[in-house]
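Student: Could you have a look at this structure, given as structure tokens, before my questions?
The numbers here are math on the coordinates, done by the rules we state, and not lab data. Being a predicted model, the structure only gives us computed values, none of them experimental. FYI the Cβ positions are ideal-geometry reconstructions off the backbone, even for glycines, and counts take in every protein chain you see.
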């Protein structure tokens, strides 16, 4: 350790700081109470006098008149912004400047006061309350209680009382750190340590703090600046403490721990208190685990363009912001508690927050987020806050299922109002110590990067941050089908369809740049496959294999540039407006968005985008794996223009126009799919147009309504060709249907409400589409031959309980119901050979339409109904969580059949009434699922056990097919298996364990399923086992990962036994098919430097498939490496 440490007598310490000022009453000036919509001048003047009187009566502050301040401002030529007022107040020695507002929201008045510390230049507190009634009748007691919330500001923030410091026993015994630059180790035996001023951990140096150490921060508003790395790893029972050196510590005695370096800093079992900004990570990396933040002033954790991981940490009591996630940051939070704070979580534009198993409760605002932030919440609770979520976009109630029991669960405001609630800490542009001064790098904007480390890279000095990974892998595959299926002719022999052999290069690039108000982010993930597949002659099922021979695919390519009010995206983006316009479409192209702020708080958002749309890569398939069932993916050119205006606080309206056209050449998604010429055997030029208008209205605090009307037109393929998912092919262009434009038959509408009734949040939605409606943004809405009707209901509620001796304090319930009705097309009446009154085969006419007149063009359109729903319950029981669920699905459609009791009946045929000989029945199928999960996460941890998680999943699915027959089956099938009944039983077990401060980790997953089906007496058993093992041999230097897996699928069924002429003999063969896969993978990661690492990986897999048509017979191994560079 290169600093000089000594124990200094308390007398010398007193002498060295006696010159510091003594605590004094702080001065405050109430600048004004502003008049907002709904309040008049008389009300504002009356309320301002009430507030001034209450501030004087409480004697918390020395109240300074604003007369002197107004005179100085007049001499300065007036003020145009708040910064001007603050500077003037500071010149007059005014410590605090208060600005208030009085506004009317519906029938209630709301008073707000914000206080700016003139020395810090920041808002240090904001209070807001609803008045109990009319403004002119408000009581003195209410106003006094209102302003008493400012009491924490009544003491001087930067005063150092030498007498109090002298009386501090810890300070008297402390090891005093006199040096400005420190590294090495702060050992337990010399604790506590006293910092008498700013200290700096230099770049490429590490400061290690041992368990149980207490760091007392003294001096004049001192900062701990980290250009290198801090390793503050305490343990349970011996935490590391950072706090004020004063005896009577306040929430602002010292500044912050400021991390500005590429090395990751670690804080484990730490307590941070008495600071202004807690831990501030600016263009750095930090991991914070099992820590506690208490009685700090402004914030607990702040991240700007940084990667921060937070686990098992409490942020609470005495802060304005708990977790502040600013631009360019990626923050993950797991198993935390954020409570008793003004703003619990704040997510700025272009930030990323992943949060799980965390409670956000008893705050003024639970979560404040900009719509341009990426926020993922999983298994979190936002409870008992004044406002649960505040944002500038509508969020459907079904996405707020864990946000309960707040005074106001969701508040949607303008982007400007969100921005006002997103504080940014005072920037550190220079850190002064006795020996030198660390200043901002020349060329940086003052609001960009703070105090960069000496000797940092050229890319950082140019405003560039990023990561690049380059990889190369070679895979060898041995096809074993010839040896396994020795009795199958070569022409019918299946080909292994699992992996692509050959070389596979990989590229991953992330680059971020910010200059002034412009910020750009570039992300590229791509790969190629270069192989020699071998001959596929005779393999009919491999008709699409050629498309996979040499793939060069960019999985993700995205360049996003933002300017104030503007955003431009080049590459991949998604569009998701509504189910009847654009729904979850992945697009590769160009998008431009513009946001304008209009008068009286209104706003206007405009967007235009265009590109090629496709379906994402099938889930579960590796990029170098084949799917033997893969068919050409439908792709289309898509253009979209939309506009949305917030007409008022309670009403927003919007409009859009969409057009699509099937591609002739998939230039933006090469290699993975075929073009429309190969898809249809010709170029049908399928195109569509869609336009619509929408509106959302907040009717009451707990009730909002939304609606949309669209017109959709398309030239389509006939229904017997186009299945709606693009899976059919090799049809001529004659199947293209040109529709006449009929406005009434080409419309679709959507209407719904979101409401909260006694804590029960719900959404009800209804959709209707006329039979000629079509939108290329969501082809699944195509009504086919008749009108389409859909309705859905989602609801959730959280109950406060106190059962099982207090182990269970809440129960969360979520429910959903969906209904759909659409007409089908029937062109024949099927014979029933197996019903209660069957007919004989001889009575059936081949190709039996069985209408009375065989020449009649028979067509009926029965309506098929589908109903599904479910119920999920979550009940925490101490360290356990019990999560049962139930779901069901039922579909039915009226149908006609010919049996022994058929009679003449009248039906509508092509719009006219005709007589047919038939029997009417209901074709139906039902499925019911019972399941649940039990999760166990113990709170216990030790030197050995860091964390543990156990989850047991299970379920039973019952299937009842009420069809009396299935005409798609062969006659033999129909005789033996009249129903498609069956059941499934599945279990899943997950176990995760971390040991020795997370240096050893293991994840075990097992699953077992049983499926039975009456059809062909099929029974299938599937077992899978997977284990992942990780060892950090040398933390951040050498890591070993191992993965092993095994799966076994056993299928038994019966098939028809035919004679030599291919005619069924009336008997059946029993068939057993077994599919087994074994595999192992390994990876070694080596950290060459802080910024550079390499990974070497390899694996082996062996598969056997006894099915005659199965292609899973192979041996494969691969090896390769990845080079990673941070800059």
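Student: Between Rg and the Kirkwood Rh of segment 27-153, both from Cα atoms, what is the Rg to Rh ratio?
Tutor: Across segment 27-153, the Cα-based Rg/Rh ratio is 0.96.
Student: Please compute one quarter of the surface area of the Cα convex hull for segment 277-359 and express it in square nanometres.
Tutor: Taking the Cα atoms of segment 277-359, their convex hull projects to 4.2 nm² on average.
Student: By counting other Cβ atoms within 10 Å of each Cβ, how are 593, 636 ranked from fewest to most?
Tutor: 593, 636
Student: So what is Rg over Rh here for segment 937-1087, counting just Cα atoms and using Kirkwood for Rh?
Tutor: 1.22
Student: Would you mind classifying segment 169-420 by shape? Square roots of the alpha carbon gyration tensor eigenvalues, ordered a ≥ b ≥ c; an a/c under 1.5 is rounded, otherwise it is prolate if a/b is larger than b/c and oblate if not.
Tutor: Here segment 169-420 falls in the prolate category.
Student: Using square roots of five times the C-alpha gyration tensor eigenvalues, list the equivalent-ellipsoid semi-axes of segment 999-1125 in whole Å, biggest first.
Tutor: Semi-axes from the Cα gyration tensor: 47, 16, 8 Å.
Student: With the contact rule set at Cα under 8 Å and sequence spacing of 6 or more, what percent relative contact order holds for segment 937-1087?
Tutor: 17 percent
Student: Give the whole-number value, in cubic angstrom per residue, of the convex hull volume spanned by the C-alpha atoms of segment 163-275.
Tutor: Hull volume over Cα atoms, normalised by residue count, gives 90 Å³.
Student: Can you say what percent of the DSSP beta bridges in segment 27-153, counting only those with both residues inside, are antiparallel? Round to 5.
Tutor: DSSP beta bridges in segment 27-153 are roughly 65 percent antiparallel.
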